[in-house]
Structures are given as C-alpha cells and as structure tokens.
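Asker: Below you will find the structure I want to go over with you.
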Amino acid sequence: MGYRFTDLTTACQDDWRAYIEHDFVCQLGNATLPEASFRHYLKQDYLFLIHFARAYALAAYKSPTLADLRQAHEGLKAIVDVELDLHVGFCREWGISEEDLAKLPEARATMAYTRYVLDTGSRGDLLDLHVALAPCLVGYGEIANWLNDQPSTLRGAQNPFDAWIAMYESEEFQAAMQAELEWLNARLADVTPARFAELAKIFREATRLEIDFWQMGLSLTDAELSR
C-alpha cells in the first residue's frame, strides 16, 4: 500500500499542529485577534496570492500531461480572475485600498515562503511543487474545519473575522481542497520510501514557513514597512 497525504502530516505532526492551531488562528476564531494583526496579514496575503498565481504558471510549465496542464490553467485562472478580486474587496472592507495593496513591500515571512515554493518547483517536479503548496491549499481548509470544531470559536456578527472562516469552509474551497488531496494521494501512492522522505522534508519546511507567516501577522513583523 502506497503513501497518502496523511502520511505527510504524520511525518511532521508537531509542526502541522503548531500551524493548524497557531495562536493567530485561535485568536481569529475567538475574536480576540488584534485588528492591526489581521490587517497586516491581509496585506501580505495579497502579495502571497500573486506568487501563488506564479506557482500555478510554473505548474503549467512542469505539467507532464494534458490533464495536469488543464488543472494548472484552471488554478491560475481562479486566482487571477476570481480570488484576487475577492481579496481586494475583502481588504477594502477592512480599510485597505487597492492603491495601498499595489505599493506594498513584502514582509520577510512572505518572501521566505513564496520564494521557497517557487524555488522548490523550479528545482523539482510537479509533485514537489504541489507538496510545497499543500500547507496553504489543504491547510486553510483544515483550519476552517478545525475552528468550527472548537467550542471557543465565535461565528456571525460577534466575530469580526467570521467572513474569513466562511471563505475557507465554503463548498467551493472545500471542493478544491478535496480535489487537491485526491491528486496528491494518487501521486503519493506510487513513490518509493526514499522519494517520500524527500517530499516529507519539503512539506515540513513549507509548514514551518506557514507558521512564520501566522507569526508575522500576530507579531506585526515588518508592519512598519507598509505604513
């Protein structure tokens, strides 16, 4: 029997839990997250989405089959044509204009994770790239589900961050997460133990960089650059 995505999370279980259950996430769920931290995160997440789109363009280049090429194309279109517009609108609701976003400098945590993903994809194959992206695409869906399982999570008007949770618990995002899990499971099933060890290292490093991204928001690291 081959490997599955759950084997990746098991291989770095402590880091994965530290990411899913980070203080930024917990405070977002119970409505105690400082609004300045959330705004800083939103700004940097906009920049991350741009690089996420670049990663899908790289995935298209790396695609060995027409099916993989179509998947990469659809992912790129979804980010550029839909998700970025939604994010700009979400930022506007938090007092961040599109002009503000256009001139944002990147925080170090943003540069670290996005360049790691692009470098991993450039050096490796399509599976390496998907594994490096998985903490974001799969992780955000799992975080929304985890928050909904916590008795401390507040929903609706009592939580100013409710729309963020709703975005990642939505049918559309959960379906995208499941599609990515199916893609990963199909490829992981055929890898050797040595290859799995390489992929687990990529997944662990990407997860740690996601932890740093949460901490950047919580600690307002480099926030002075965008003022």
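Asker: Quick one: which residue in Val117, Val131, Val88, Val80 is of a type in the set (Val, Ile, Thr) and either surrounded by fewer than 13 Cβ atoms within 10 Å (Cβ to Cβ) or without any contact (Cβ under 8 Å) to a residue 40 or more places away in the chain (or both)?
Answerer: Val80
Asker: What single numbered condition from (1) among the acidic types (Asp, Glu); (2) out of contact with any helix residue (DSSP H, G or I) (no Cβ under 7 Å at 6 or more places or on another chain); (3) over 17 Å from Gly2 (Cβ atoms) fails to hold for Asp190?
Answerer: (3)
Asker: Filter region 10-28 for residues that are over 15 Å from the mean Cα position of the chain (by Cα), assigned to a helix (DSSP H, G or I) and not charged (D, E, K, R) and give the result.
Answerer: Selection gives Thr10, Ala11, Gln13, Cys26, Gln27, Leu28.
Asker: Checking the conditions here, which among Ala194, Ala157 is over 24 Å from Asp23 (Cα atoms) and either over 20 Å from the mean Cα position of the chain (by Cα) or acidic (Asp, Glu) (or both)?
Answerer: Going through Ala194, Ala157 in turn, just one is over 24 Å from Asp23 (Cα atoms) and either over 20 Å from the mean Cα position of the chain (by Cα) or acidic (Asp, Glu) (or both): Ala194.
Asker: For region 6-39, which positions are small (Gly, Ala, Ser) and closer than 30 Å to Ala189 by Cβ?
Answerer: Ala11, Ala18 - these are the residues of region 6-39 that are small (Gly, Ala, Ser) and closer than 30 Å to Ala189 by Cβ.
Asker: Which residue out of Ala60, Ala67, Ala31 is surrounded by fewer than 20 Cβ atoms within 10 Å (Cβ to Cβ), assigned to a helix (DSSP H, G or I) and modelled with pLDDT of 95 or more?
Answerer: Result of the check over Ala60, Ala67, Ala31: Ala60.
Asker: A further question on this structure: Only one of (1) within 23 Å of Phe161 (Cα to Cα); (2) surrounded by fewer than 16 Cβ atoms within 10 Å (Cβ to Cβ) fails for Arg108. Which number is that?
Answerer: All conditions pass for Arg108, except number (1).
The values are calculated or read from the model by the stated rules, or taken from the named source; none is laboratory data. Please read these numbers as outputs of a predicted model, since none were measured by experiment. A quick note on method: Cβ atoms are made from the backbone with ideal geometry, for glycine too, and the neighbour counts reach across all protein chains shown.
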